[in-house]
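Trainee: Mind having a look at this structure? Questions to follow.
The values are calculated or read from the model by the stated rules, or taken from the named source; none is laboratory data. Small disclaimer: the values here were computed from a predicted structure and weren't measured. For neighbour counting, all protein chains shown are included, and Cβ atoms are generated from backbone atoms with ideal geometry for every residue, glycine included. Accessible surface areas use protein heavy atoms only, side chains included; no ligands, DNA or RNA. Shrake-Rupley method; radii C 1.70, N 1.55, O 1.52, S 1.80 Å.
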Amino acid sequence: FDPFFTTKDVGKGSGLGLSMVFGFVQQSGGHIQVESTPGNGTTLRIYLPRSEALPTAREDTNIRSEPPPNANETILVVEDEPGVRAIAVAVLEELGYQVVKAENGPDALAKLDQLPHLDLLFTDIVMPGNMTGLDLAEKARKSNPGLKVLYTTGYASGVSGTLPKGITILNKPYEAAELAVKVSQSLDMAS
């Protein structure tokens, strides 16, 4: 469950899977039971508290009823996990934004050089390699000082104490509606 413990090769993942699950389970008031036998594998059992509340009807999952006022704006999505990146891109495109995607900091910097205009950088804070989302934003703002940045992270706690004050963070996992609201708020912020 230690953050960054991974059996993957360098650059092939951040090793956040079990630490994220552990954080989500703890936030929910649950616990995890681990059974591991050499040669037979490992079993993880997740126990969550029972909810006595009856399920409520969810709002329509179509989060866009009309084009947002910022729909012609361009967003660069930087996320090292392909599945998370694909979902974020799909949601933002559904909202009408122009989206460019990158899988890490160096990839994002290369794409920034090719973009004539960028309205928002939406970046994971912790990525494999030697460039964090904070480093990326600092480098991107050298050529685009007014660039607005929305950060995302899978850390429930621990990383927040080391972050600069005044940054906007969307915690993972997030729902499409949460992403839509945070992006809109970030785009509307004064530079």
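Trainee: Give just the number: which of (1) in a helix (DSSP H, G or I); (2) under 14 Å from residue 180 (Cα atoms) does residue 112 not satisfy?
Mentor: With respect to (1) in a helix (DSSP H, G or I); (2) under 14 Å from residue 180 (Cα atoms), residue 112 is out only on (2).
Trainee: On to the next question. Do we have residue 61 as at pLDDT below 85 and either charged (D, E, K, R) or in contact with a helix residue (DSSP H, G or I) (Cβ under 9 Å, 6 or more places away or on another chain) (or both) here? Walk me through it before giving the result.
Mentor: Values: at pLDDT below 85: yes; either charged (D, E, K, R) or in contact with a helix residue (DSSP H, G or I) (Cβ under 9 Å, 6 or more places away or on another chain) (or both): yes.
Yes, satisfied.
Trainee: Right, next: Residue by residue through region 167-191, note down the ones that are open to solvent by 80 Å² or more (accessible area, probe 1.4 Å), over 17 Å from residue 88 (Cβ atoms), at pLDDT 70 or above and not in a helix (DSSP H, G or I).
Mentor: The answer is 189, and nothing else.
Trainee: If you check residue 24 against the conditions, is it within 23 Å of the chain's Cα centre (by Cα), at pLDDT below 90 and either farther than 25 Å from residue 145 by Cα or not aliphatic (A, V, I, L, M) (or both)?
Mentor: Criteria met by residue 24.
Trainee: Would you check which residues across region 119-139 are in a loop (DSSP other than H, G, I, E, B), out of contact with any strand residue (DSSP E or B) (no Cβ under 8 Å at 6 or more places or on another chain) and among the acidic types (Asp, Glu) and list them?
Mentor: none
Trainee: Name the one entry in 105, 129 that is on the phi > 0 side of the Ramachandran plot and either of a type outside the set (S, T, N, Q) or in contact with a Leu (Cβ under 6 Å, 6 or more places away or on another chain) (or both).
Mentor: 129
Trainee: To continue, here is another question. Could you say whether any residue in region 98-118 is open to solvent by 30 Å² or more (accessible area, probe 1.4 Å), modelled with pLDDT under 90 and acidic (Asp, Glu)?
Mentor: yes
Trainee: Still on this structure, I have one more. Since residue 42 meets every condition but one in (1) farther than 21 Å from residue 82 by Cα; (2) at pLDDT below 75; (3) open to solvent by less than 100 Å² (accessible area, probe 1.4 Å), which condition does it not meet?
Mentor: Result: residue 42 passes all but (2).
Trainee: Something else now. Return a yes/no flag: does region 82-89 have any residue that is among the small types (Gly, Ala, Ser), open to solvent by 30 Å² or more (accessible area, probe 1.4 Å), modelled with pLDDT under 95 and closer than 19 Å to residue 154 by Cα. Break it down stepwise before answering.
Mentor: Start the filter on region 82-89 by keeping residues that are among the small types (Gly, Ala, Ser), which leaves 83, 86, 88.
This time we only want the ones that are open to solvent by 30 Å² or more (accessible area, probe 1.4 Å), so: 83, 86.
When the remaining residues are screened for being modelled with pLDDT under 95, the result is 83, 86.
Checking which are closer than 19 Å to residue 154 by Cα leaves us with 83, 86.
For region 82-89, residues among the small types (Gly, Ala, Ser), open to solvent by 30 Å² or more (accessible area, probe 1.4 Å), modelled with pLDDT under 95 and closer than 19 Å to residue 154 by Cα: present.
Trainee: Does region 123-132 contain at least one residue that is modelled with pLDDT under 90, farther than 18 Å from residue 74 by Cα, open to solvent by 50 Å² or more (accessible area, probe 1.4 Å) and more than 15 Å from the chain's Cα centre (by Cα)?
Mentor: Looking only at region 123-132, we keep the residues that are modelled with pLDDT under 90, and these are 126-130.
Applying the additional criterion that residues be farther than 18 Å from residue 74 by Cα yields 126-130.
Subset that is open to solvent by 50 Å² or more (accessible area, probe 1.4 Å): 129-130.
This time we only want the ones that are more than 15 Å from the chain's Cα centre (by Cα), so: 129-130.
Yes, region 123-132 contains a residue that is modelled with pLDDT under 90, farther than 18 Å from residue 74 by Cα, open to solvent by 50 Å² or more (accessible area, probe 1.4 Å) and more than 15 Å from the chain's Cα centre (by Cα).
Trainee: Hey, among the residues in region 133-150 that are open to solvent by 10 Å² or more (accessible area, probe 1.4 Å) and in contact with an Asp or Glu (Cβ under 9 Å, 6 or more places away or on another chain), which one's farthest from residue 78 (Cα to Cα)?
Mentor: Filtering first and then ranking leaves 143.
Trainee: Let me spell it out: the conditions are (1) modelled with pLDDT of 65 or more; (2) open to solvent by less than 60 Å² (accessible area, probe 1.4 Å); (3) under 30 Å from residue 129 (Cα atoms), and residue 30 meets all of them except one. Which number is the exception?
Mentor: Status for residue 30: all satisfied but (3).
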